[in-house]
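Chemist: I have a structure I would like to understand better, so I am pasting it below and will then ask my questions one at a time.
The values are calculated or read from the model by the stated rules, or taken from the named source; none is laboratory data. All values derive from a computational prediction rather than experimental measurement. Cβ: placed from backbone, ideal geometry, glycine included. Neighbour counts: every protein chain shown. Calculation scope for accessible area: heavy atoms of the full protein, side chains included, ligands and nucleic acids excluded. Shrake-Rupley method; radii C 1.70, N 1.55, O 1.52, S 1.80 Å.
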Amino acid sequence: MKRRLASLIALAMVGTIALTSCSSGSGSTTPAPTNTDSVQTEGKDYGGLKYLRMCSGTQGATWTTVGSAMMEYVGSAVKDMGVSASNGPGGSVANCRAVANGEYELGWAFTSTVYDAYGATGAFSEDEPMENLTHIMSIFPSQQHFVVPADSSIQSLADINGKVVNFTPVTETSYTVNNKVFEAYGINQDTIESAGGTVTLTRFNEASELLKNGELDLWTACIAAPGSAVSDMAFAPGIRFVNIDEDKIPQILEQLPGFTEMTIPAGTYEGVDEDVRTVGTVGSIFCTADLPEDVVYDFLKTIYENWDALKAINPTAFGDLDVNDWLNGATAPIHPGAEKFYKEMGVM
């Protein structure tokens, strides 16, 4: 299995380079009307499936907004078959477990997190390998954000001992990333607290309120830029980003398979006028291998037909991505329904 995983993770470096476009806002718009005319459901019963449930991201995350729009489109396409499509909140680590154990049919996670779940490594080292997980499509990259108030005394991540730092919940990939990044500086939760600081495990949308109220010194999350929570903090009280030092990047990436060095371009957020050096990974949608082939094929067909409308939700996050990028960074086997779709599209 190790050889198989090694070959799979080699793909994770494909298409995970920095965003090349920038914007001063979230870029969110209302999706265009659904386009599902070409999705043919006649004669299909989807294996008796009645509910197609997706778990995506937390409130305020681009994943949640895009995931909800996706399932509206899919629900319209399959409504004649009596299938109810819905999107619920989650987090990358929790989503892998939820899909693997059947709580949801579809889930969002970083390709790096799926890698860990598939091989029972990292955050899943005490789990059984989730070898039933399969890749459906890759989405836009997400970058680890390290945000402080504009007037903060924190100039480097080396300065966070004794501060109030949000690690995010342990079910979030951000939590794992924070531990590995801070470890490169010789910092962990114990050193922060022994110096008089506090470590919180708060969801990033709630943590943004803490920073705005002066109750948090460092806000962190691995999200697609621009994220609405960060744009809100940039408006008030004003923010700065803290870069990861260039000499720390190799050590960090060695500890985070599926991650690569990324840049959050200057101007992505109001008042942030210089490029931000950080690390990031690619988001993906996945399912279990036993989800009926027609379900996955029609899901992808629907997403393809509505791709322009989905991209309009956050043009900066999506950039120039198209169907040719939907296998980038895959770290689990491709679902048979997805394979059928990609071969039809000439991608495979």
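Chemist: Please indicate, with yes or no, whether at least one residue in region 126-144 is closer than 29 Å to G319 by Cβ and among the aromatic types (F, W, Y). Steps first, answer last, please.
Modeler: Applying the first criterion (closer than 29 Å to G319 by Cβ) to region 126-144 yields 133-144.
Okay, now just the ones that are also among the aromatic types (F, W, Y), so 140.
Within region 126-144, one or more residues are closer than 29 Å to G319 by Cβ and among the aromatic types (F, W, Y).
Chemist: Does region 310-340 hold any residues that are assigned to a helix (DSSP H, G or I) and not charged (D, E, K, R), and which are they?
Modeler: Initial filter on region 310-340 (assigned to a helix (DSSP H, G or I)): 310-311, 315-318, 323-325, 336-340.
Correct list: L310, P315, T316, A317, F318, V323, N324, P336, G337, A338.
Chemist: From T331, T316, grab the single residue that is surrounded by 17 or more Cβ atoms within 10 Å (Cβ to Cβ), closer than 22 Å to Y118 by Cα and among the polar types (S, T, N, Q).
Modeler: Working: T316 fails: closer than 22 Å to Y118 by Cα.
After ruling out the rest, the residue left standing is T331.
Chemist: Name the pairs whose Cβ atoms lie under 7 Å apart, with the first residue in region 269-289 and farther than 30 Å from G102 by Cα, the second among the charged types (D, E, K, R), and 6 or more positions between them or separate chains?
Modeler: R277/E246; V279/E261
Chemist: In the list T58, T65, which residue meets the criterion of being open to solvent by less than 20 Å² (accessible area, probe 1.4 Å) and under 18 Å from the mean Cα position of the chain (by Cα)? Before the answer, list the steps.
Modeler: Numbers: T65 fails: open to solvent by less than 20 Å² (accessible area, probe 1.4 Å).
Selected residue: T58, the only one of T58, T65 that is open to solvent by less than 20 Å² (accessible area, probe 1.4 Å) and under 18 Å from the mean Cα position of the chain (by Cα).
Chemist: Also, quick follow-up: Just give me the residues in region 213-230 being farther than 22 Å from V282 by Cβ, open to solvent by 10 Å² or more (accessible area, probe 1.4 Å) and either touching a residue at least 12 places away in the same chain (Cβ under 8 Å) or among the aromatic types (F, W, Y) (or both), in sequence order. Break it down into steps so the answer makes sense when it comes.
Modeler: First pass over region 213-230, keeping only residues farther than 22 Å from V282 by Cβ: 213-219.
Imposing the further condition that a residue be open to solvent by 10 Å² or more (accessible area, probe 1.4 Å) reduces the set to 213-215, 217.
Correct list: G214, E215, D217.
Chemist: Is one or more of the residues making up region 133-140 open to solvent by less than 40 Å² (accessible area, probe 1.4 Å) and of a type in the set (G, A, S)? Show your work before the answer.
Modeler: Of all residues in region 133-140, those open to solvent by less than 40 Å² (accessible area, probe 1.4 Å) come to 133-140.
Add one more test, that the residue is of a type in the set (G, A, S), and what stays is 138.
Yes, some residue in region 133-140 is open to solvent by less than 40 Å² (accessible area, probe 1.4 Å) and of a type in the set (G, A, S).
Chemist: With respect to the numbered conditions (1) of a type outside the set (D, E); (2) open to solvent by less than 10 Å² (accessible area, probe 1.4 Å); (3) closer than 19 Å to P250 by Cα, which one is the sole condition not fulfilled by Y118?
Modeler: (3)
Chemist: Further question: Do we have R53 as at pLDDT 85 or above, basic (K, R) and more than 15 Å from D298 (Cβ to Cβ) here? Break it down stepwise before answering.
Modeler: On the way: at pLDDT 85 or above: yes; basic (K, R): yes; more than 15 Å from D298 (Cβ to Cβ): yes.
Yes.
Chemist: Hey, any hits in region 273-286 for a residue that's more than 23 Å from V181 (Cα to Cα), open to solvent by less than 60 Å² (accessible area, probe 1.4 Å) and in a strand (DSSP E or B)?
Modeler: Yes, the conditions are met somewhere in region 273-286.
Chemist: Additional query: In region 68-99, what residues are open to solvent by less than 30 Å² (accessible area, probe 1.4 Å), at pLDDT 90 or above and of a type in the set (A, V, I, L, M, F, W, C)? Please lay out each step first, then the result.
Modeler: Residues of region 68-99 open to solvent by less than 30 Å² (accessible area, probe 1.4 Å): 69-71, 73-75, 77-78, 83, 85, 88, 90-93, 95-96, 98-99.
Of the ones still in play, those that are also at pLDDT 90 or above are 69-71, 73-75, 92-93, 95-96, 98-99.
Result: A69, M70, M71, V74, V93, C96, A98, V99.
Chemist: When you scan region 251-270, do you find a residue that is open to solvent by less than 10 Å² (accessible area, probe 1.4 Å) and part of a strand (DSSP E or B), even just one?
Modeler: Yes, the conditions are met somewhere in region 251-270.
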